[in-house]
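Here's the structure we're looking at; comments come further down.
The values are calculated or read from the model by the stated rules, or taken from the named source; none is laboratory data. Quick caveat, the model's predicted, so the values are computed rather than measured. Note that each Cβ is placed from the backbone with ideal geometry, even for glycine, and that neighbours are counted across all protein chains shown.
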């Protein structure tokens, strides 16, 4: 039987994706506004990306964005989604996140990856083939700094730590949450298992290796003597909901056609998806929107459609802990916010243990209505009698019918 968390986490993975040619200041303000909306709706998490080129994903430092978002939110947890470890000295990453851990009072999370855009690495003169190795070395250092068991000394071909330690204790215990980004290969899951941390599956749930992903985490954890929690496995997938499936499809059709998720080029750059999952889901290879929704590359439809698809994802995964919506701007801000509201009102409660008790209570009361409401008419008549007043005929008729129904139910 597949693992089911008592309370599944819901949130967003915000690259972000914005169309080239619009006002970037306003785009960043919309990103902050969206986090505020999600906080009010009860979403659990928001993961914020780091990119330095290509002009579509315009947040360069997720920590700066998290600091701003933390000031206007109350509960939502805010993570780097992801910090590209190969671009930064690990002491600087650990120290910056430690500061956020305190400033957010435990709401900060560190998501790590090698760096999604090779154009970033090109500008910094870094060989892209070195990035995964750099990520592994950096994460080793960061986890040792977070664990604070002893000063850390390390020397690699790109950074040195000399008796390094963090100057504050963590706010979170034992330290802030950490998650490794993974696509379709075993490298991310193996690294997550090695360190006993969470996993962000950023390539969706429809690829062939998805069902094997957590097995790779557990194998690596066992080899390293670590324990892992399947509840810390999150999958990222595009979602758009409306009151009908046709409306949901129509909402995002034009955005899908113009490829707002990767920009405004008529022909995608060879080998560049501009954000991976949305580009693949939305048909840079020529697939239709309907095909993307049908194959599970996207969740597009009604809340009931979303419930069915998330349940299927859980089954395919063998159970996971969270679903993160890949934030996009394929339609208007109003329709985007409406989609998140529908998800929060009708979908999230199903996977967070909030609907079954209410349903069972309603059904029990209705199934036992005669016994439960027996005597209500007598109590009402007595209230009028005690007050020396005559019960109005319309009220008397209602309660007479209720009494008769109660008598039939005896």
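Could you grab me the full set of residues in region 135-162 that are touching a strand residue (DSSP E or B) at 6+ places or on another chain (Cβ under 6 Å) and either assigned to a loop (DSSP other than H, G, I, E, B) or at positive phi (or both)?
151
Going through region 33-53 one residue at a time, which ones are out of contact with any helix residue (DSSP H, G or I) (no Cβ under 6 Å at 6 or more places or on another chain) and part of a helix (DSSP H, G or I)?
Residues satisfying the conditions are 33, 34, 36, 38, 39, 40.
If residue 323 meets every condition in (1) closer than 20 Å to residue 241 by Cβ; (2) at pLDDT below 95 apart from one, which number is that one?
The number of the failed condition is (2).
Could you check region 5-14 and list, in sequence order, the residues that are modelled with pLDDT under 95 and either surrounded by 15 or more Cβ atoms within 10 Å (Cβ to Cβ) or in contact with a helix residue (DSSP H, G or I) (Cβ under 7 Å, 6 or more places away or on another chain) (or both)? Walk me through it before giving the result.
In the first step, residues of region 5-14 are kept if they are modelled with pLDDT under 95; the result is 5-6.
Correct list: 5 only.
Residue-by-condition table, conditions (1) touching a helix residue (DSSP H, G or I) at 6+ places or on another chain (Cβ under 9 Å); (2) without any contact (Cβ under 8 Å) to a residue 60 or more places away in the chain; (3) within 20 Å of residue 4 (Cα to Cα); (4) surrounded by fewer than 10 Cβ atoms within 10 Å (Cβ to Cβ):
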| site | (1), (2), (3), (4) |
| --- | --- |
| 351 | yes, no, yes, no |
| 354 | yes, yes, yes, no |
| 363 | no, yes, no, no |
| 368 | yes, yes, no, no |
| 371 | yes, yes, no, no |
| 376 | yes, yes, no, no |
| 380 | yes, yes, no, no |
| 386 | no, yes, no, yes |
| 391 | yes, yes, no, no |
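Determine whether region 67-80 contains at least one residue that is touching a residue at least 12 places away in the same chain (Cβ under 8 Å), surrounded by 23 or more Cβ atoms within 10 Å (Cβ to Cβ) and within 26 Å of residue 154 (Cβ to Cβ).
The answer is yes; a qualifying residue exists.
If you scan region 187-239, which residues turn out to be part of a loop (DSSP other than H, G, I, E, B), at pLDDT 95 or above and surrounded by fewer than 18 Cβ atoms within 10 Å (Cβ to Cβ)?
Answer for region 187-239, where residues must be part of a loop (DSSP other than H, G, I, E, B), at pLDDT 95 or above and surrounded by fewer than 18 Cβ atoms within 10 Å (Cβ to Cβ): 225, 226, 227, 229.
Please determine whether any residue of region 22-31 is touching a helix residue (DSSP H, G or I) at 6+ places or on another chain (Cβ under 7 Å), buried (at least 23 other Cβ atoms within 10 Å of the Cβ) and in the same structural domain as residue 329 (by TED's automatic domain parsing). Before the answer, list the steps.
Just the residues of region 22-31 that are touching a helix residue (DSSP H, G or I) at 6+ places or on another chain (Cβ under 7 Å), to begin with: 30.
Then drop every residue that is not buried (at least 23 other Cβ atoms within 10 Å of the Cβ), which leaves none.
No, region 22-31 contains no residue that is touching a helix residue (DSSP H, G or I) at 6+ places or on another chain (Cβ under 7 Å), buried (at least 23 other Cβ atoms within 10 Å of the Cβ) and in the same structural domain as residue 329 (by TED's automatic domain parsing).
Would you call residue 341 in the same structural domain as residue 23 (by TED's automatic domain parsing), in contact with a helix residue (DSSP H, G or I) (Cβ under 8 Å, 6 or more places away or on another chain), surrounded by fewer than 22 Cβ atoms within 10 Å (Cβ to Cβ) and not in a helix (DSSP H, G or I)?
Details: in the same structural domain as residue 23 (by TED's automatic domain parsing): yes; in contact with a helix residue (DSSP H, G or I) (Cβ under 8 Å, 6 or more places away or on another chain): yes; surrounded by fewer than 22 Cβ atoms within 10 Å (Cβ to Cβ): yes; not in a helix (DSSP H, G or I): no.
It is false that residue 341 is in the same structural domain as residue 23 (by TED's automatic domain parsing), in contact with a helix residue (DSSP H, G or I) (Cβ under 8 Å, 6 or more places away or on another chain), surrounded by fewer than 22 Cβ atoms within 10 Å (Cβ to Cβ) and not in a helix (DSSP H, G or I).
So residue 174 clears everything in (1) under 24 Å from the mean Cα position of the chain (by Cα); (2) farther than 26 Å from residue 327 by Cα; (3) in contact (Cβ under 8 Å) with a residue 60 or more places away in the chain except one condition, right? Which one?
Of the numbered conditions (1) under 24 Å from the mean Cα position of the chain (by Cα); (2) farther than 26 Å from residue 327 by Cα; (3) in contact (Cβ under 8 Å) with a residue 60 or more places away in the chain, the odd one out for residue 174 is (3).
Is there a residue in region 54-75 that is assigned by TED's automatic domain parsing to the domain that holds residue 235, modelled with pLDDT under 95 and touching a helix residue (DSSP H, G or I) at 6+ places or on another chain (Cβ under 6 Å)?
yes
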